[in-house]
1. Condition test on Ala25, is it of a type outside the set (D, E, K, R) and more than 17 Å from Ala135 (Cα to Cα)?
2. Tell me, please, whether a residue that is within 20 Å of Pro122 (Cα to Cα) and either part of a loop (DSSP other than H, G, I, E, B) or open to solvent by 20 Å² or more (accessible area, probe 1.4 Å) (or both) can be found in the stretch 33-50.
3. Checking Arg30 against (1) surrounded by 13 or more Cβ atoms within 10 Å (Cβ to Cβ); (2) in a helix (DSSP H, G or I), which single condition isn't satisfied?
4. Search the stretch 60-82 for residues that are within 16 Å of Met117 (Cα to Cα) and pair each with any residue that is exposed (fewer than 13 other Cβ atoms within 10 Å of the Cβ) when their beta-carbon atoms are under 7 Å apart and the residues are at least 6 apart or on different chains.
5. Take the stretch 117-156 and flag every residue that is in a helix (DSSP H, G or I) and either open to solvent by less than 40 Å² (accessible area, probe 1.4 Å) or farther than 14 Å from Leu70 by Cβ (or both).
6. Tally time: how many residues in the stretch 54-82 are open to solvent by 20 Å² or more (accessible area, probe 1.4 Å) and part of a loop (DSSP other than H, G, I, E, B)?
7. Looking at (1) surrounded by fewer than 17 Cβ atoms within 10 Å (Cβ to Cβ); (2) touching a helix residue (DSSP H, G or I) at 6+ places or on another chain (Cβ under 9 Å); (3) in contact (Cβ under 8 Å) with a residue 40 or more places away in the chain, which is the one condition that is false for Thr5?
Amino acid sequence: MAPLTIRLATADDVAALSALRTAVASDLTRQYGKGHWSAPVSQRGAALALRYARVLLLHDARVLAGTLRLANKKPWAIDTSYFTAVPRAIYLTDMAVDPSRQRQGIGRRLVAEAIAMARAWPADAIRLDAYDAPAGAGEFYAKCGFREVARVVYRTVPLVYYERLIERRA
């Protein structure tokens, strides 16, 4: 088995990012029905993500197995009043793991790298929202050390907010 590698995405990765996130949306729709998770991701949308954030890619050999995005700009669905007051927070969004590679540690590896990046950024917390529905990944984030801080409805979408405070290592 080829080693797993993690790196930052570049403009050359836009097509693969779009394809992976669209495949995950299709898989979630097949499993749970149509929902806010069902939208395909265009190459233009994937390219915009690169412009405003750091996008991590995890490859198995040359195959894109997973991705997530880290940004210091708050996503539209996050209400910061529910979170711990910290000087610098970053936001984890757009996490996707190839449906054929789920439950193999890909997501955990990506989250571990995101935490390491947050320490170096520097950031004091990672915040995110997950769908409060069977298609949501809340249980996964809890297993990765994130703490649930609120359940909200944002524009008719039920969400769960999670955060992980970043401890500094000496």
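The values are calculated or read from the model by the stated rules, or taken from the named source; none is laboratory data. Note that this is a predicted model, so its numbers are computed, not measured. Here the Cβ is made from the backbone with ideal geometry for all residues, glycine too, and neighbour counts use every protein chain on show. The protein model used for the area step is the full one, side chains on, heavy atoms only, and it has no ligands, DNA or RNA in it. Shrake-Rupley method; radii C 1.70, N 1.55, O 1.52, S 1.80 Å.
1. Values: of a type outside the set (D, E, K, R): yes; more than 17 Å from Ala135 (Cα to Cα): no.
Spelling it out, it is not the case that Ala25 is of a type outside the set (D, E, K, R) and more than 17 Å from Ala135 (Cα to Cα).
2. Checking the stretch 33-50: at least one residue is within 20 Å of Pro122 (Cα to Cα) and either part of a loop (DSSP other than H, G, I, E, B) or open to solvent by 20 Å² or more (accessible area, probe 1.4 Å) (or both).
3. (1)
4. Sorted first by the residue in the stretch 60-82, then by its partner, the pairs are Ala71/Tyr52; Lys73/Tyr52.
5. First, the residues of the stretch 117-156 that are in a helix (DSSP H, G or I): 117-120, 138-143.
Once the filter is applied, which keeps residues that are in a helix (DSSP H, G or I) and either open to solvent by less than 40 Å² (accessible area, probe 1.4 Å) or farther than 14 Å from Leu70 by Cβ (or both), the stretch 117-156 yields Met117, Ala118, Gly138, Glu139, Phe140, Tyr141, Ala142, Lys143.
6. The number of residues fulfilling the criteria is 8.
7. Thr5 satisfies every listed condition except (2).
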